[in-house]
Amino acid sequence: MTANEDQIKFWNEKAGQNWTVLQERMDANLADIGDAVLAFASAKPGDTVLDVGCGTGATSLALATAGAKVTGLDVSRPMLDLARSRAIQAGLDISFIEADASTYAFQPEFDLVFSRFGVMFFDDPIGAFANLHKALKPGRRLAFVCWRTAPENLWAFTPLAAARPFLPEQPPPDPNAPGPFAFADPQRILSILTDVGFHHVETSKYDGVMRMGSDIAAIAAQTLQIGPLSRAIGEADEATRAKIVEAVRAAMAKFKTPDGEIAPPTACWLVSAVKA
């Protein structure tokens, strides 16, 4: 098995296809966090930027619009196809590479290695970040955002809890396994980044909300297509899925704001480090 083979398969099949279909909705969901990490990264006009796990291109487009010279990298062909189309439509000159960031033969040509939720899925995170370290020019910066713990992220935890009575009993997850919450522990982040040669590693909390819209039925259905619940349900039959959707609808309704939007809490780490 090659490095990250399971993840590459996952993001080229169900997950990648679902993200492309739901791209506009997902961009809206993650807009606040995207704005926060873009401001945190503070790319300057003319900077060369590697956008790791660029997905359908939202952050690559934003970085390029700000004047950076952007290379977006992802393992998901369907997501990259949409990212390329969006860049062309926007008239932005962005390079996109279909590759695994943990093994791609980088040269030290980037001023910034950036990621919005694209670095938590490596089988070998130490090897992957050692490889990303090679992509930076000396003295340049890594900046990314990752999720904190699942219980702090009610956008994910609440649907899972609502669905649990309808799912087979599952073993406790390995907190360090590749997945959305693999970097919930800031000490693990510090250890990995310092081990591969980064300096001045800093983590800061970002707390916000995921703006999921007002269509509660669509929101409940989305949780079965993208996110931790989509993996947990596996091959559940249609009757079980229908029960889960109803349970999730009821659970997510408690996050309705006065203007009718469903906006559950999010909890992230903003992480930066410097190559000596």
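Taking the Cα centre of the chain as origin and assigning +1 to Lys and Arg Cβ atoms and -1 to Asp and Glu Cβ atoms, the resulting dipole is close to 400 debye.
When the charge dipole of segment 6-150 is built from unit charges on Cβ atoms (+1 for Lys and Arg, -1 for Asp and Glu) and taken about the Cα centre, the candidate among Ile88, Phe122, Leu136 whose Cα reaches farthest toward its positive end is Leu136.
Dividing the convex hull volume of the alpha-carbon atoms in segment 1-130 by its residue count gives 100 Å³ per residue. Comparing Ala105, Ala247, Thr266 along the charge dipole axis of the chain, the residue lying farthest to the positive side is Thr266, per the Cβ-charge model. Placing +1 on the Cβ of every Lys and Arg and -1 on the Cβ of every Asp and Glu, with nothing else charged, gives segment 105-221 a dipole about its Cα centre of roughly 320 debye.
With the convex hull of its Cα atoms as the shape, the chain has an orientation-averaged projected area of 14.2 nm². Can you give the translational diffusion coefficient of segment 22-87 in µm²/s, computed by Stokes-Einstein from the Kirkwood radius over Cα pairs at 4 °C and 1.567 mPa s? In µm²/s, the coefficient is 108. For segment 169-270, the ratio of Cα radius of gyration to the globular rule of thumb 2.2 N^0.38 Å stands at 1.36.
Translational diffusion coefficient of segment 188-236 at 20 °C, 1.002 mPa s, Stokes-Einstein with Kirkwood Rh over Cα pairs, in µm²/s as a whole number. So the translational diffusion coefficient is about 148 µm²/s.
Secondary structure note: in the chain, about 50% of the DSSP beta bridges are antiparallel.
Counting only DSSP H runs of at least 4 residues, each contributing -39500 (n - 2.57), and dividing by the residue count of the chain, the helix-based mean residue ellipticity at 222 nm comes to -12000 deg cm²/dmol. Dividing the mean sequence gap of close Cα pairs (under 8 Å, 6+ apart) by how many residues the chain holds gives a relative contact order of 21 percent. Shape summary of segment 55-183, radius of gyration then Dmax from alpha carbon positions: 17.1, 52 Å. Spatial offset of segment 131-158 relative to segment 44-117 amounts to 16 Å, using the alpha carbon center of each.
A short reminder: the numbers here are calculations on the coordinates, not readings from a lab. What you see is a predicted model; the values in this text were computed from it and never measured. Note: ideal-geometry Cβ built from the backbone for every residue, glycine included; neighbour counts use all protein chains shown.
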